[in-house]
Structures are given as C-alpha cells and as structure tokens.
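This report refers to the structure that appears directly beneath it.
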Amino acid sequence: MKTTNNHYDVVIIGGGVVGCAIARELSKYKTSIAVLEKEDDVGWGISCRNSGVVHAGFNYKSGTLRAQLCVEGNKSFAKLCHELDVPYKKIGKVIVAQKKEEIRELKKLKTQGEKNKVGGLQIIDSAELKRLEPNVKGIAALYSPETAIISPYLLTIALAENALTNGVSFFLNTEAKSIAKLRNSDFRINTNKGEFTSSYVINSAGLYSDKVAHMVEKDKYRIYPCRGEYYVLDKNASWIINHLIYPVPKAGTGGLGVHFTPTIDKNILIGPSNEYIKQKDNLSTTSQIMKMLSAEAQKFLPLISSRDIIRSYSGIRAKQAPPSEGGYWDFVIEESNSVNNFINLIGIESPGLASAQPIAKRVVEIINKKEKLSLNSNFNPFRKGILRFEEQDEETKKALIKQDPDYGEIICRCEQVTKKEILEAINNPLGAKSLISIKYRSRAMMGRCQGGYCLTRIIEILRNEFGLTLQEINLKGDNSYLFSGYRSDEVNKL
Amino acid sequence: MKEREVIIIGGGAAGLAAAVACKQKGIEDILIIERGDYLGGILQQCIHDGFGLEKFHTSLSGPEYAQRYIDQVKEKEIPFLLNSMVVNLTPQKEVVVANSNGLQHYRAKVIILAMGCRERTRGAIGIPGARPSGIYTAGVAQELINLKNYMIGNKIVILGSGDIGLIMARRLTLEGAEVITVAEKLPYSSGLSRNINQCLYDFDIPLLLSHTVVDIEGNGRLSGVTIAQLGKRGGIIPGSKRKITCDTLLLSVGLIPENELSREAGIVLDNITGGPQVDERGQTSVPGTFACGNVLQVHDIVDNVSLEAEYIVEGVARYLEGKLIKEQEIKVELGEGLRYVVPQKLISRKDTIFSFRVNQPGEKKILVFEDGKKVIKKKSLRRVNPAEMVRVKLSSSELEGIKRLKVRLV
C-alpha cells in the first residue's frame with residue numbers, strides 16, 4: 001500500500017455508478033485518476049440497491065437536469081452496455097391507472113415526457129393493457145417503450161473494470177476522512193489508508209456527499225437518507241409480467257410508488273417503499289413495510305403469492321429534499337463556488353443510474369474547460385464480462401466444457417453458475433473477495449436456496465484455490481466474518 | 001443419446017435405497033446421478049446417531065447408515081456419476097447431465113426423482129432487520145461444522161425447532177458454543193420429541209414456544225436479535241420484545257422439496273407437500289417418472305425414506321414389465337384434521353401405504369378411511385403431532401371395489 005506521494009490529477013471520492021462512470025469517462029483523456037471507495041468493492045452504496053431501471057425520462061419536470069440527463073442517458077445506454085458487455089433489455093414500462101382520475105395524471109406524464117423528448121409514449125386502454133399484461137389490474141395505462149432494465153451492480157463493476165484497464169487506480173476500503181487545500185492549490189485527502197494529493201477532487205460520495213463537501217466548505221448541502229425496501233421473487237414467477245409495471249405516482253412523494261420490476265436475471269422486484277430514516281447506513285427491512293409491499297402488490301397483481309418471495313432488501317436514496325418538503329430537488333453537478341477544482345455531485349437519486357454516463361460527461365466538461373485535456377489514444381472502450389454458461393446454446397456449452405472442464409462443474413444449482421464463472425468472479429480485476437462481490441459478479445447464491453447449496457463450495461474454492469485464511473472469508477468486507485475459528489482446536493494448532 | 005432402463009436423480013438416502021431395491025428386483029441397467037462429490041447426500045453430515053432403528057434395528061450415525069447402502073451399491077456394481085448435475089429433464093424422460101467431461105444426454109425408461117430438499121431461508125420467511133453475516137440455515141451450519149471443521153459462531157440463537165436445528169443446538173453446545181435459546185413460532189415444536197429431550201433439555205437449552213425473531217442487528221457480523229412472544233392469532237404480544245446479544249442466528253424453519261427439475265419436466269406438484277402428486281406407487285403425473293424420499297414429501301426419519309424408496313420400486317418394476325396399469329383412478333380426498341396425504345391418487349386397488357401429516361398436536365385420535373359413507377378402516381392414534389409423519393397401510397382387500405376414498409382425523 002502506498003502511503004505517501006500518492007499524487008493524481010483527479011481523485012474521485014466514491015466508487016458508485018456515478019464515480020465509476022466519471023473515472024471511465026476521464027480515462028478517455030491523458031490524466032491520472034484515483035477512485036477512493038470506502039467499501040470492499042465498488043457499487044455497494046446506492047448503486048447496487050435500486051430497481052435497475054434505465055428510465056425513459058417522462059417522470060421529471062421539464063428543463064431540469066434530471067429530465068435532460070435521463071433522456072440523454074437512456075438514448076445512449078444500449079451502446080454503453082454493448083461496450084461494457086453488460087446485459088441490457090429494453091422491455092418497456094406501463095404505468096397503470098386504476099381509477100378514472102389517474103388517467104388525467106397519465107396524460108400529464110405523457111405531455112411532460114414529450115416535452116422532455118421521450119419517444120414512443122402512448123396512452124393505452126384497458127383492452128390494450130390486457131393484451132400487454134394479462135395479469136395486471138387496471139383501466140388504462142401509459143406505455144413507454146424506451147424504458148429498459150439492466151443489472152445495476154454489473155454496470156458499476158463493468159464501468160470500474162473498464163476504467164481500471166484504461167489506467168484508473170482503484171483504492172478499496174479507503175475512506176476519505178478530511179480534505180485540505182494546500183498552498184500549491186492541490187488537495188490533500190487524508191484517508192484511513194494514508195494520504196492522497198490531487199489537483200481535482202470529485203465528490204461522488206452519494207449518501208455521504210454532504211459530509212465530503214463539508215470537508216472543504218461548511219454546511220453547504222445536506223443529504224437526507226430515504227429508504228426503499230424491496231421483495232425479490234423467485235424466477236418461477238417471472239411469467240406473471242412482461243414489462244415494468246408502475247402505479248401512477250402520487251404528487252409530493254419522493255418515490256415512484258411500489259412497482260414491479262423484472263430483473264435482467266428473470267426475478268421480479270416488488271418495491272420500493274419510500275421512508276425517510278435517520279441513519280445513512282441502516283439497510284434494514286421492516287415488518288411494517290414488508291406487509292405494506294405485499295398489500296400494494298396484491299392491488300395490481302393478485303397472482304403473486306408469498307411463496308414466491310426469496311429475499312427482501314433495501315436501498316437508500318440520497319435526497320436533498322428534506323422530509324418536511326418531500327418530492328425532488330434537482331441534481332447538483334457543479335464546481336464549488338468557493339473551492340477551486342472541487343466538483344460536487346449532490347442528490348444523485350433516481351434517475352441517477354440512467355443518467356450516470358451524461359453526468360460523467362458533464363464533469364469531464366467542467367474539467368476540460370479549465371485544463372484542455374488531451375485525448376488518450378490508447379483508450380479502449382470495450383470490456384469483457386464473465387461468460388454466462390447457462391445462457392449459451394448446447395453446442396457452445398459442449399465446446400466450453402471441452403476447452404475448460406471447470407465449465408462442466410455447476411456450483412450454484414439455482415442459477416446454474418459453473419465453477420469457471422465463480423473462479424472468474426473471484427479473480428476480478430478490482431481484487432474484491434467478499435462473498436457479496438462474488439455473488440454480484442456471478443449470480444451464485446442469488447437464487448431460491450440463497451446459497452444453501454453453493455456457499456460451502458464457494459468457501460472451499462476461496463480457501464483451496466485462492467489461499468484465503470478462515471479469517472479472510474467475509475460476507476461483505478471487514479468485520480463481516482463467517483467463521484469464529486476452526487471447530488477443533490487440534491486443527492487450529494496445525 | 002445413451003439409453004438406460006432406470007435413471008435415479010440424486011445419490012442420497014432415497015436414491016441409494018431405490019438403486020439397491022431396483023437391483024434386487026432384477027433391474028440391471030441403472031444409473032445414479034449425484035451432484036456432490038460423494039454418495040450419501042445429507043446423511044454424510046449427520047454425524048449424530050439414531051438412524052436405522054426401524055430399518056436395521058440398531059442405532060447408526062448418518063455416515064454409517066449411508067455406508068450400508070453405498071457398500072451394496074458398490075457390491076452390486078450399480079453405476080453412479082459424481083459431480084454431475086442434471087441440468088435438464090423432459091417428459092420424454094430425457095436427461096441432460098453436466099460434468100467436467102461435458103454434457104451427456106440420456107434417455108431412460110424410468111426416472112426416479114430422489115433430489116431431496118432444500119432449507120427454507122431467511123428471505124423466504126421474511127425476517128426483518130439488518131443483513132449482517134452470521135445467519136445460517138441449520139443444514140449449512142451442519143455441513144460447515146461437521147464436514148469442513150469450521151466453527152460458525154460462539155453465541156447462538158436458533159429460530160425454529162425443526163429437527164436439524166435441535167440436533168445443531170446440541171452439536172454447537174458440544175463444540176463449546178453457547179446456545180442461548182431456541183425460539184419456535186408455533187405453540188408446539190416442529191421437531192421430534194426425542195430430539196427436544198436429548199438435544200435441548202439434556203443441555204438446559206430453553207425452548208421458547210410461540211416466540212419468533214422480529215429484528216436482527218449488526219453491521220458487519222450479527223450483533224443481536226430481538227425475539228418476541230406471539231399471541232394466539234400470531235400477532236406480537238405488546239411488551240414481550242426482548243433483545244438478545246449473540247453473534248449467530250441459526251434457522252431451522254422448514255424444508256422445501258427440491259422440484260425444479262420436476263417442474264421443468266411438466267410434473268404436477270402438490271401445493272402442500274411441495275412434492276409431485278403421485279399414485280400409490282410413487283408415479284408422478286408423467287408416466288414412468290417416480291418420486292421418493294424428501295423430494296416427494298419431507299420425512300422426519302431416514303428409515304422411512306429408505307422404506308418409501310424400496311416401496312416405490314415395486315411400481316418401477318411393474319412399470320418396466322408393462323404391468324403398472326391404470327385400473328380406475330380415484331383421488332384421495334382429504335378431510336378434517338389432516339394437512340396432506342401421499343399418495344394423492346390411486347390407480348389400482350393394491351396394498352398401499354399412505355403417509356399423512358396432521359394439522360395440530362392431539363391425543364386419542366382416530367384416522368378414518370371412508371368410501372362415501374362406508375367406513376373402510378379406522379386406525380387409533382394415541383398421540384399425533386405435525387412433526388411426526390403417520391404411515392398407514394391399507395390392504396388390497398380393504399381397498400377392493402371402493403369408488404371414493406376420503407381420509408380424516410377425528
């Protein structure tokens with residue numbers, strides 16, 4: 001670990017989807033970049049805990065950055081996913097009205113969407129809704145063909161890996177503690193892993209972006225954590241819906257309402273709720289909200305059964321709008337007025353995922369205006385993901401096993417993940433070794449048995465093929481150990 | 001495409017017993033397909049004793065019990081594949097197997113489903129709270145401790161009084177951990193009474209009935225759970241919440257027959273058992289595909305798994321001889337007091353073993369089999385408990401000529 005003389009042109013604080021997108025975008029230019037991430041892997045904050053939707057952009061007030069960047073992001077998302085080998089499906093979305101007065105809201109959304117230059121929006125009647133979604137209860141709907149789904153963690157990982165390939169340095173488990181402006185106008189960033197200096201600091205710390213901003217400029221922003229809880233349904237229930245299914249948003253709330261999201265891996269998410277909480281790291285789920293989600297789900301999709309639930313989780317929105325006000329404030333993407341070369345990204349809540357790439361472009365523009373960056377001719381926009389054995393055709397599968405017998409060993413039964421994929425996931429370029437990191441990359445442990453079958457096998461691979469000690473086996477970073485020791489002291493002594 | 005007479009999916013208790021029984025019936029061309037790297041399945045991690053009392057009239061450990069069958073499989077030279085996962089099963093009884101040698105296609109005259117079950121998880125029962133490490137299902141903990149020699153924690157709360165949870169309470173205590181309590185949501189235990197006595201009471205581990213975990217704390221590793229008492233209707237009794245400092249939560253909250261392959265093959269499943277709907281010989285809705293053991297219904301005693309496997313092989317042999325003929329199909333109707341019955345239907349009137357689980361504990365009950373208003377058989381049960389499967393045999397003479405069959409517990 002380098003502890004001194006860690007100088008970079010740009011230090012990005014926060015390895016979420018936005019931080020990683022900025023890192024990749026900046027790596028298109030000749031500049032040295034470091035990403036500091038306090039967790040054991042990228043994307044563990046807001047980025048991996050959302051619905052994974054590439055919104056079309058009709059939900060946002062015309063003229064706002066949220067509207068503009070979302071629409072821009074949506075239009076270039078397929079290309080981004082193609083470059084990064086990230087699965088992307090444009091499945092479309094329906095916003096379902098159940099009461100007459102809601103149809104007016106749908107029309108308003110359509111008008112707003114058209115003003116925002118969202119293509120293809122249509123109001124459909126109950127017959128057409130029935131055709132698109134036979135199991136959904138509603139009287140009319142707004143259909144948005146441009147809305148897509150992706151895996152938010154795979155995207156974040158892919159952005160980071162591609163940035164890494166293009167020369168960006170990633171420092172995991174590295175938390176910025178304080179920032180000082182030096183005499184030569186550089187920044188000195190003190191972290192738990194030593195000091196970094198840089199000409200620019202980009203604050204993409206998500207939920208903690210207020211805290212990071214506060215390190216150079218007192219009390220300018222405040223982030224209110226607003227939690228959303230979700231259910232995950234078994235793949236066996238995937239036939240129930242074909243599109244993203246949303247209710248008509250209620251004015252004044254800071255969320256889009258409880259919706260149904262097919263995931264790229266063929267699960268369905270139900271959620272999220274919308275609840276301001278006190279602590280930014282409280283990812284608990286609660287029985288009240290879980291009950292509410294079930295009740296809301298029943299309103300639209302009576303076919304869903306509690307038997308289909310395989311997991312619940314929560315994510316936290318980084319909201320600028322205080323609880324007393326609710327609703328949304330626009331994204332802040334700007335250089336600090338008082339601190340030169342300190343760029344803040346504040347309140348990047350939904351549609352932050354869809355907007356990640358345009359946000360990154362804006363940040364690069366800000367720097368480029370001041371620095372006249374020269375292009376990095378070696379920039380490679382392409383990155384290869386882990387090949388998913390299950391998705392291949394029979395002949396390819398046979399060829400793969402012949403080429404590498406590890407493809408023939410299925411470790412995760414529910415998601416049909418092979419040993420080869422697990423090995424690649426563990427061997428990831430960022431060096432993340434937590435079980436969650438393996439899960440996000442490979443899908444192992446994500447299925448209906450939740451690791452009941454494969455957990456032991458994955459641990460054995462980590463131990464035997466990667467030499468991890470018992471203490472190094474963690475669920476999600478330091479202090480989330482799995483084992484208190486060996487069963488028998490005799491073995492311990494060996 | 002390789003042809004086999006009988007393919008058995010799963011090399012655990014059910015699969016091994018079925019294989020041995022097939023061979024004894026003179027069926028030569030058998031293949032066992034096992035996903036793990038050893039035969040015996042879950043038995044290999046059950047190092048406690050108490051297995052085989054019914055089957056072998058002696059108390060064996062899980063591995064010893066398994067070994068009796070493994071020895072026979074090897075002696076009878078029954079072929080088996082290890083580290084081989086069945087990735088596809090069709091109604092035409094075609095099987096695709098993946099292993100390091102490649103993808104192999106088989107077609108069988110008979111498929112015996114013996115895939116066992118998986119454990120219900122935290123996600124499936126929706127325990128609220130944080131998501132730290134230190135939450136294990138009992139079976140996974142058993143595998144990690146007994147087969148891998150890893151210790152999963154020091155201060156443990158167990159939710160659910162399923163048998164594996166009870167066995168693990170004792171196991172963890174013997175390994176020096178403190179098992180603080182076992183909380184059971186229901187007003188009665190879901191494990192066998194012998195396990196409650198031998199695994200909890202003998203070690204002074206309290207069993208809290210009508211209690212559940214309502215919150216989990218911990219950022220990295222689990223640091224505590226909150227338990228609460230439940231009222232008659234299942235709601236939390238106000239003021240009963242209590243925080244317990246611990247580092248591990250062990251879940252023993254039920255087993256789910258693992259029927260993903262059955263589903264793929266279009267086999268009709270029973271909503272209550274989670275296993276295939278079968279006739280009196282364990283034949284599923286796909287002719288020539290049979291099921292036995294925990295994939296069919298979750299058993300409490302392995303001896304019954306072996307017996308069930310041997311029993312369905314009667315049907316397998318008859319099927320192969322072309323003699324398993326549908327005489328007249330009737331549905332077995334379920335009356336009051338019973339949660340489920342296996343088989344769900346009868347296609348002949350031959351001797352049949354019925355398995356039941358009751359809805360709630362009771363004493364001095366009578367199991368009544370009826371053909372319309374006519375009582376065919378009555379069986380007195382001194383004590384019934386949902387944790388203990390009831391097995392009753394009806395002879396062909398008792399079943400002869402019936403038009404309907406209804407079973408109830410009075």
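The values are calculated or read from the model by the stated rules, or taken from the named source; none is laboratory data. Being a predicted model, the structure only gives us computed values, none of them experimental. Ideal geometry is used to build each Cβ from the backbone, glycine not excepted, and the neighbour counts take in all protein chains shown.
Some notes on this structure:
- Verdict on A:Arg49 being under 30 Å from A:Ala251 (Cα atoms), under 17 Å from the mean Cα position of the chain (by Cα), outside the structural domain of A:Arg441 (by TED's automatic domain parsing) and not hydrophobic (A, V, I, L, M, F, W, C): yes
- Long-range neighbours under 7 Å by Cβ, at least six apart or interchain, first residue farther than 22 Å from A:Ile223 by Cα within segment A:280-294, second in a helix (DSSP H, G or I): A:Ser294/A:Ser306
- Filtering B:Glu308, B:Glu314 for residues that are among the charged types (D, E, K, R), surrounded by fewer than 20 Cβ atoms within 10 Å (Cβ to Cβ), touching a residue at least 24 places away in the same chain (Cβ under 8 Å) and in a helix (DSSP H, G or I) leaves a single hit, B:Glu314.
- Checking B:Ser133, B:Ser161 one by one, the residue that is small (Gly, Ala, Ser), buried (at least 24 other Cβ atoms within 10 Å of the Cβ) and either over 19 Å from the mean Cα position of the chain (by Cα) or within 7 Å of chain A (Cβ to nearest Cβ) (or both) is B:Ser133 and no other.
- Selection over segment A:158-190 of residues that are over 20 Å from A:Val339 (Cα atoms) and not aliphatic (A, V, I, L, M) gives a count of 11.
- Taking helices (runs of 4 or more DSSP H) as the structural unit, those lying wholly within segment A:52-139 and holding at least 2 residues that are under 29 Å from the mean Cα position of the chain (by Cα) and closer than 30 Å to A:Glu25 by Cβ correspond to A:65-84, A:100-115.
- Lone qualifier among B:Lys323, B:Lys350 - being surrounded by fewer than 20 Cβ atoms within 10 Å (Cβ to Cβ), over 15 Å from B:Leu394 (Cα atoms) and over 25 Å from the mean Cα position of the chain (by Cα): B:Lys323
- Test: residue in segment A:455-471 that is under 23 Å from the mean Cα position of the chain (by Cα) and within 12 Å of chain B (Cβ to nearest Cβ): no
- Options A:Gly255, A:Gly228: the member that is assigned to a loop (DSSP other than H, G, I, E, B), on the phi < 0 side of the Ramachandran plot, crowded, with 19+ Cβ neighbours inside 10 Å and touching a strand residue (DSSP E or B) at 6+ places or on another chain (Cβ under 7 Å): A:Gly255
- Residue within segment B:96-115 that is part of a helix (DSSP H, G or I), within 14 Å of another protein chain (Cβ to nearest Cβ) and either more than 21 Å from B:Ala14 (Cα to Cα) or basic (Lys, Arg) (or both) present: no
- Residue count for segment A:26-41, restricted to those that are part of a strand (DSSP E or B) and crowded, with 24+ Cβ neighbours inside 10 Å: 3
- Among the residues here, B:Ser100 does not qualify as crowded, with 17+ Cβ neighbours inside 10 Å, touching an Asp or Glu at 6+ places or on another chain (Cβ under 7 Å) and among the hydroxyl-bearing types (Ser, Thr, Tyr).
- When residues in segment A:442-454 are screened for being in contact with a Gly (Cβ under 8 Å, 6 or more places away or on another chain), facing another protein chain (nearest Cβ under 10 Å) and free of Cβ contacts under 8 Å to residues at least 60 places away in the same chain, 1 of them pass.
- Within segment B:276-292, tally of residues that are under 22 Å from A:Arg307 (Cβ atoms) and in contact with a helix residue (DSSP H, G or I) (Cβ under 6 Å, 6 or more places away or on another chain): 1
- Being on the phi < 0 side of the Ramachandran plot, modelled with pLDDT of 95 or more and assigned to a strand (DSSP E or B) is a property that B:Ile256 has.
- Filter result (within 11 Å of chain B (Cβ to nearest Cβ) and either closer than 14 Å to A:Ala432 by Cα or surrounded by 18 or more Cβ atoms within 10 Å (Cβ to Cβ) (or both)) within segment A:472-484: A:Ile473, A:Asn474, A:Leu475, A:Lys476, A:Gly477, A:Asp478, A:Ser480, A:Tyr481, A:Leu482, A:Phe483, A:Ser484
- For segment B:260-278, a residue qualifies if it is surrounded by fewer than 24 Cβ atoms within 10 Å (Cβ to Cβ) and either assigned to a loop (DSSP other than H, G, I, E, B) or not assigned by TED's automatic domain parsing to the domain that holds B:Arg4 (or both), and the qualifying residues are B:Ala265, B:Gly266, B:Ile267, B:Val268, B:Asp270, B:Asn271, B:Ile272, B:Thr273, B:Gly274, B:Gln277.
- Looking across segment B:124-162, just one residue is assigned to a loop (DSSP other than H, G, I, E, B), closer than 24 Å to B:Ser189 by Cα and free of Cβ contacts under 8 Å to residues at least 40 places away in the same chain, and that is B:Gly126.
- Of all residues in segment B:142-158 being within 7 Å of chain A (Cβ to nearest Cβ) and β-branched (Val, Ile, Thr), the one that is farthest from B:Leu207 (Cα to Cα): B:Ile145
- Meets criteria (within 7 Å of chain B (Cβ to nearest Cβ) and at pLDDT 95 or above) for A:Lys398: yes
- Flag for A:Leu430 being over 23 Å from B:Thr137 (Cα atoms), assigned to a helix (DSSP H, G or I), more than 13 Å from chain B (Cβ to nearest Cβ) and under 27 Å from the mean Cα position of the chain (by Cα): no
Residue-wise test of (1) part of a strand (DSSP E or B); (2) closer than 24 Å to A:Gly447 by Cβ; (3) within 14 Å of chain B (Cβ to nearest Cβ); (4) touching a Gly at 6+ places or on another chain (Cβ under 6 Å).
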position: A:Thr261; (1), (2), (3), (4): yes, yes, no, no
position: A:Met292; (1), (2), (3), (4): no, no, yes, no
position: A:Ala318; (1), (2), (3), (4): yes, no, no, yes
position: A:Pro322; (1), (2), (3), (4): no, no, no, no
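- The set of residues from segment A:176-190 being surrounded by 15 or more Cβ atoms within 10 Å (Cβ to Cβ) and in a loop (DSSP other than H, G, I, E, B) comprises just one member, A:Asp186.
- Output for segment B:169-220, where each listed residue is more than 17 Å from B:Leu251 (Cα to Cα), outside any loop (DSSP other than H, G, I, E, B) and within 14 Å of chain A (Cβ to nearest Cβ): B:Leu174
- Among the candidates A:Ile411, A:Ile366, A:Ile333, A:Ile422, the residue that is farther than 23 Å from A:Ile157 by Cα and either part of a loop (DSSP other than H, G, I, E, B) or not basic (Lys, Arg) (or both) is uniquely A:Ile366.
- Among the residues of segment B:259-298, just one is among the basic types (Lys, Arg) and at pLDDT 95 or above, namely B:Arg263.
- Meets criteria (within 19 Å of A:Val42 (Cβ to Cβ) and either at pLDDT 95 or above or among the hydrophobic types (A, V, I, L, M, F, W, C) (or both)) for A:Asn376: no
- Note on segment A:413-435: residues that are farther than 16 Å from A:Gln392 by Cβ and either without any contact (Cβ under 8 Å) to a residue 40 or more places away in the chain or touching a Lys or Arg at 6+ places or on another chain (Cβ under 8 Å) (or both) amount to 9.
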